[in-house]
Amino acid sequence: MFEILLLSTLMQSTPDFDLTSSMRQQTSPMEITIRNAELSLGRGDHAAAARICRAILNNKPQDPDALFLLGRASFAAAEGLAPAPLALQAYREAERSFLQFLQVVPERDESRIRQSLAICSRHRGAHRRALLHARKAVELAPDNPIAQRVLGECASQLGRKEEALRSFQESHRLKPSDIDVVHLLAISLRDLERPAQACRLLEESIAQLPAPSDSAVQLLLVLYTTHLFTNDPDSAQKVIERAATIAPDDLRVAVELATNLYRLGKHPRAKVVANRARNLPDPTRRQRGVIAKILGQLHAHAGHHAEAIQELELCIEATPDDLSALLSLAGSLRRIGEGDRAREVLKIHTQTRKAISLVDRRPLPDLNQGPGLTAQAEIIRALVVLGRIDEAKIQLARRRGIAPADPANDSLQSLIQAQETR
Amino acid sequence: MRAFATLFASCLACTLLCGCTSGDSSSRAPGKQRLFKVEDDAIPFKHDAGATGQRHITEIVGSGAGLFDADGDGDLDLYLVNGARDQLLVQIDGEFKPASKDCGIGGTDSGMGIAIGDIDGDGDPDIFVANNGPDRLYINDGKARFQEQAVQRGINISTFSSAAALVDIEGDGDLDLFVCSYLDFDEKTFTPCTRGDLEVYCAPSNYPAVPCRLLLNDGRGQFTDVSESSGLNNLPAKALGVISIDIENDGDPDLYVANDGEPNFLLINQWKQQGRIFFEDDALLAGCAYGEGAKAEAGMGVDAADLDGDGDEEILVTNLEAQSNSCYRNDGDGLFMEISFANGLGAASLAHVGFGIRVIDANLDGWLDIFVTNGHILDNIGEIRQGSSSFAQVDQLFIGDGSHFVLTPHIQNNDETVGRSLVSGDIDNDGDTDLIITRWNGSPRLLRSTAAGSSHVIGLQLVGTPPASSTDAIGARITVTAGDRVFIREHRVQSSYLASHDPRQLFALPAGNTSARVHIRWPDGSEGEQNLQSGGYHRWQQGVGIVATTPFQSPR
């Protein structure tokens, strides 16, 4: 979510990259073409802008305006593109264009270009390169809160928690009203085992917001998870109740409220809240899964195993990687005498657990090395087992970007396709 | 132990007629009074973790303790395992005092757990001590003089052992030995672990797992290692806790093993089904391998009891912070369901690192309660978490009503402490359950129960008759019927964390009952039934019946 917000901010700020007027002294056919590309970009027609730029670059590969605009267009396109592999392709093109632009016009090395480059690199999985760009962005504009925030995100991705914290703190100092930065800073403090500071920051920030607001709900959700981080579900409950008062129809809040009520053993109310959450619009797969799991486990506790099975199967359909739902399902199946089915479910559970352990393993494999490619292929297979097809596709796209001729690519592609068609 | 049989005829008559230990029961009802009085200086011993300054994992997980009548004088003595030198303390006039130096105890090993039972079948309690290093076996002469005879009796274990259980695996009337292995730690290849800038004790995930061991007793205390043939070598473990529990109620004991960071085991004994000593791990299918949320939790202490009064025993496991202590409800037919978030045990345990756990009837109301001792595994967690967590933590008493548990403040002076083992026993023979908590690098804490006299209580001391059953009668099934309540309990002595408890059993009767029908199914399947009066300990010999009754003493 934050990345999308950040991209929007960057794109809104692109008029500041007013290179065309500074670099062209006279109106020319080329300038008109560039203006057309800019107009397309302004209209949100990123594809048209990119087409124009690519056409220019076919004849003049080093044209700085075309390179720059192509970077902008591709970057903007990447933000709105789905499925993920197409977005990755767009980020790659944006990155390539911006880098070439800087080669051609090194004196125009600006913070915002570096910020964009950092984001592109991050999306491609080139986290170290992203960090270098982000650091450069901060070096070029230390008082730019967005540059600081991008650096924080890139550092965080690489586990450089202290550097991330410093950057988020600086970003927050420069722009205290940025709720997303408060969010990121609180998580950073939590990751560095300073949950008390995170809670203080969040409470202070919430107090300064107009009472019923989306921003307050956003920060209350972070505060809620921070209390859970300190193993304090009672305080978490108070916070999520506050959020529910502000936004009773916010699905994120309803799902967390049901979850924590379950955790606290307040099961009748957990059931009511979960049922209500089920009727709220536009749930994500994960949210559908959580709601079904809560209801399934409540049924199982009460000995209503037929109902439990129905809910738990819904949960697993939505979130095949939910280990506790798989175990609960096996338990309910055994209790109604379906021992063989229970064993089948337990087999899936064991495969799923192995796949999760593979996917969660850190550090991530370095794709520039042979063993890294092999390890990443295993991760892609594990993602397919977990039903996380979009992530598998992203990994495969990254792989193809780095090792297009790798013989495993095609078999991985087939595996993903086979899973998709199931 | 035989001295428990001493008859105090005149006192007994009075006690049994009065029905409870002293005075008017209503005036002694616990109500809001503290159920335990803390005595931190009652035990002259200080645990030494054997710390090297390098934060070896071996230093942070010990040590255990055992309550037993070492010298047969009728009161409980105390064996304290240590990281440096173990100590036997004998109780004299109600006070624990170090045993004489020639008692034969005092191993200087890096000590962990303890299991006490009549290993050589001569009627007195012997001691097995699990160490990081050679495990020890101390054979008792009945007068609290011991000889260490591990190797000569076939016990050659030098890996990192933790808990142990003495249990008659194949029903031949002696106690076999199950020894948990924690992990493979080698200080020569030790590499420090860090968290941020701070050096910390390494997590168990840094070390390989090691299979647990099973040694069979020949009836005279000679052991043969059958770990390979029993299938245990195929089950690498990071075991810290074990209990014997007859899951199938088929008369042969199964074992539940709590593993640290790995799925727990439910080792189903195939002796009755296959006629051979072999175990199959059924925990995943049974539903007790993983904790809440399907996590492989940091299993440490373990206990079992019939919490809901349905005739089978639930299994409880203590875990790390952020992992609720587990409560696996036994639904019969070998099926368990983790219910800690449903019955009040889960959320309250999330902030603590649980070690010792013991199910007792703390307030003698006839419903079982749960005591947990806590203490972090990182000595510098306060610094790491900047005060939001601490090494020393409060102990917790959950009062039960058969379905739910409520955390209560019924512990006087419950200041934070680094708890490890939790051992139960009626230290003052007054008919309630006292507790001892071993504290890391500290003196043991004695929690003296103040509940005695508030209810009518029946005490039992079971004595098996070899070769039908081991003298300790481990695995006997006790059924007590009083009024509309039926209490069912499997007799075990080792549970909790690295602990060996008072082998006697206490049952508080429902209000209005002064006696109960007591049924014993002995480990060999033979049965006996008696009407027993409350107010004392009844020594019940298999095949004979009640051979002695000792009234409870007046509460201290």
Would you please report the Å³ per residue occupied by the convex hull of the alpha carbon atoms in segment B:447-556? 107 Å³
Between segment A:297-337 and segment B:473-509, how far is it from one alpha carbon centroid to the other, in angstrom? 34 Å
Column: log10 I(q)/I(0), Debye, Cα scatterers of segment A:298-422, q = 0.13, 0.21, 0.23 Å⁻¹: -0.60, -1.09, -1.23
Along segment B:124-131, what does the Karplus equation 6.51 cos²θ - 1.76 cosθ + 1.60 (θ = phi - 60°) give for ³J(HN,Hα), rounded to whole Hz, x for Gly and Pro? 10, x, 9, 10, 10, 10, 8, 10
To the nearest hundred square angstrom, how large is the accessible surface buried between A and B, total for both chains, probe 1.4 angstrom? 2200 Å²
Environment charge of B:HIS47, counting only residues whose C-beta is closer than 15 Å and scoring Lys/Arg +1, Asp/Glu -1: -2
Taking only DSSP H segments of four or more residues, each worth -39500 (n - 2.57), what value at 222 nm results for chain A once the sum is divided by all its residues, to the nearest 500 deg cm²/dmol? -25500 deg cm²/dmol
Overall Cα dimensions of segment A:159-206 - principal axes, largest extent first, Å: 26, 21, 13
Over all pairs of distinct alpha carbons, what does the Kirkwood formula give as the hydrodynamic radius of the protein assembly as shown, in Å? 31.2 Å
Long-range amide H partners of B:ASP168, meaning residues 5 or more apart or on another chain whose placed amide H is closer than 5 Å, are B:ASP176
Residue by residue through B:342-353, how many Cβ atoms from other chains fall within 10 Å of the Cβ on average? 4
If R0 = 60 Å, then A:GLU420 and B:LYS272, at their Cβ-Cβ distance, give a FRET efficiency to the nearest 0.05 of 0.75
Whole-Hz Karplus couplings 3J(HN,Hα) for segment B:398-408, θ = phi - 60° and coefficients 6.51, -1.76, 1.60, Gly and Pro as x, run 9, 8, x, 10, x, 9, 10, 10, 10, 5, 10
From the C-alpha coordinates alone, can you work out the Kirkwood hydrodynamic radius of chain A, in Å? 24.1 Å
Using DSSP to define loop residues, name the trypsin sites (Lys or Arg not before Pro) in segment B:31-70 whose beta-carbon has at most 15 other beta-carbon atoms within 10 Å. B:LYS32, B:LYS46
Average partner coverage of B:382-388, which counts Cβ from other chains inside 10 Å: 4
First compute the accessible area of chain A with a 1.4 Å probe, then give the percent of it belonging to carbon and sulfur atoms. 52 percent
How many angstrom separate the Cα center of segment B:248-284 from the Cα center of segment B:419-467? 28 Å
Summed over the other residues with a beta carbon less than 12 angstrom from that of A:LEU192, with K and R at +1 and D and E at -1, the charge totals +2
Cβ-Cβ cut-off under 11 Å around B:GLN505, Lys and Arg +1, Asp and Glu -1: the net charge is -1
Between A:ALA48 and A:ARG343, what FRET efficiency comes out of the Förster formula 1/(1 + (r/R0)^6) with R0 = 60 Å and r the beta carbon distance, rounded to 0.05? 0.55
Each label point is 7 Å from the Cα along the Cα-to-Cβ direction; what then is the distance between the points at B:SER229 and B:LYS97, in nm? 4.9 nm
Mind giving me the nanometre distance, one decimal, between the label points for A:LEU158 and B:GLU529, set 7 Å out from Cα along Cα→Cβ? 7.7 nm
As straight-line cross-link partners of B:LYS46, the qualifying lysines (C-alpha separation under 29 Å, not fewer than 8 residues apart within one chain) are B:LYS37, B:LYS97, B:LYS101, B:LYS143, B:LYS188, B:LYS238
Sum -39500 (n - 2.57) across every DSSP H segment of at least 4 residues in chain B, then divide by the residue count to get the 222 nm mean residue ellipticity, nearest 500. -1000 deg cm²/dmol
Treating the beta-carbon of each Lys and Arg as +1 and of each Asp and Glu as -1, no other charges, what is the dipole magnitude of chain A about its Cα centre, to the nearest 20 debye? 820 debye
For segment A:253-311, which trypsin sites (Lys or Arg not before Pro) are in a loop by DSSP, counting at most 13 other Cβ atoms within 10 Å? none
Tally up the carbon and sulfur contribution to the accessible surface of segment B:133-203 as a whole percent, 1.4 Å probe, everything protein left in place. 43 percent
The protein assembly as shown, accessible area per residue, ligands and nucleic acids excluded (1.4 Å, Å²): 39 Å²
Can you list the HN-Hα couplings for segment A:100-112, worked out from phi with the Karplus curve (6.51, -1.76, 1.60; θ = phi - 60°), rounded to whole Hz and with x for Gly and Pro? 5, 4, 5, 5, 6, 10, x, 5, 9, 5, 10, 4, 5
For segment B:50-99, give the percent of accessible area contributed by carbon and sulfur heavy atoms, probe 1.4 Å, rounded to a whole number. 42 percent
Expressed in angstrom and rounded, the centroid-to-centroid distance over alpha carbons for segment B:354-394 and segment A:84-143 is 51 Å
Along the Cα→Cβ direction, 7 angstrom out, place labels at A:ILE356 and B:LYS37. What is the inter-label distance in nm? 4.9 nm
Spin-label zone in segment B:208-240 - amide nitrogen under 19 Å from a point set 7 Å from the Cα of B:GLU280 along the C-beta vector: B:228-236
Residues in segment A:205-247 that, when all protein chains are in place, have 40 Å² or more less accessible area than the chain alone would give (probe 1.4 Å): A:ASN231
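The values are calculated or read from the model by the stated rules, or taken from the named source; none is laboratory data. Since the structure is predicted, the reported quantities are computational estimates derived from the model, not experimental observations. Note: ideal-geometry Cβ built from the backbone for every residue, glycine included; neighbour counts use all protein chains shown. Surface accessibility is based on the protein's heavy atoms, side chains included, excluding ligands, DNA and RNA. Shrake-Rupley method; radii C 1.70, N 1.55, O 1.52, S 1.80 Å.
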